[in-house]
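Remarks on the structure that follows.
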Amino acid sequence: MAEEKTEETPAPTARQLAAARRFVAAHGKPSRAVVENIGRAGARVVLVGADGALGDVVVPGPATGEALVEAVADLGSATWDADTVNATVIGPEHRRRMAGPRARR
């Protein structure tokens, strides 16, 4: 009989949960979360507040990201569909930060 390999999904840490809860409290309810696999580094949980603000929390993997979304009240799972994209509000300062050091000169 072949031995079945099972991997345990790491639970989100208290720090990760607190960061997501602070984001929801600061940026309105309900907020959205898109879990993105970023390879060996784990997963990025992109947070979109009711006010359009963006934030993120990096976790060990997509399953942990989904567990984080489930554990935080008023945070719903989302995808990058038209509703989620249109809910984001990206201001000039955020655009400069995303553009990198050359844009800040």
### Task
Scan region 27-41 residue by residue and report those that are in contact with a helix residue (DSSP H, G or I) (Cβ under 9 Å, 6 or more places away or on another chain), modelled with pLDDT of 95 or more and surrounded by fewer than 17 Cβ atoms within 10 Å (Cβ to Cβ).
GLU36, ASN37
### Task
Output the residues belonging to region 38-63 that are of a type outside the set (Gly, Ala, Ser) and either under 8 Å from the mean Cα position of the chain (by Cα) or more than 19 Å from PRO10 (Cβ to Cβ) (or both).
ARG44, VAL45, VAL46, LEU47, VAL48, ASP51, LEU54, ASP56, VAL57, VAL58
### Message
All but one of (1) under 18 Å from HIS27 (Cβ atoms); (2) in contact with a strand residue (DSSP E or B) (Cβ under 8 Å, 6 or more places away or on another chain) hold for ALA73; state the number of the condition that does not hold.
### Response
(2)
### Residue that is farthest from ASP51 (Cα to Cα), among those in region 86-103 that are of a type in the set (Lys, Arg) and either more than 19 Å from the chain's Cα centre (by Cα) or part of a loop (DSSP other than H, G, I, E, B) (or both)
ARG102
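The values are calculated or read from the model by the stated rules, or taken from the named source; none is laboratory data. All values reported here derive from a predicted model rather than from experimental measurement. Neighbour counts are summed over all protein chains in view; Cβ atoms, including those assigned to glycine, are modelled from backbone coordinates with ideal geometry.
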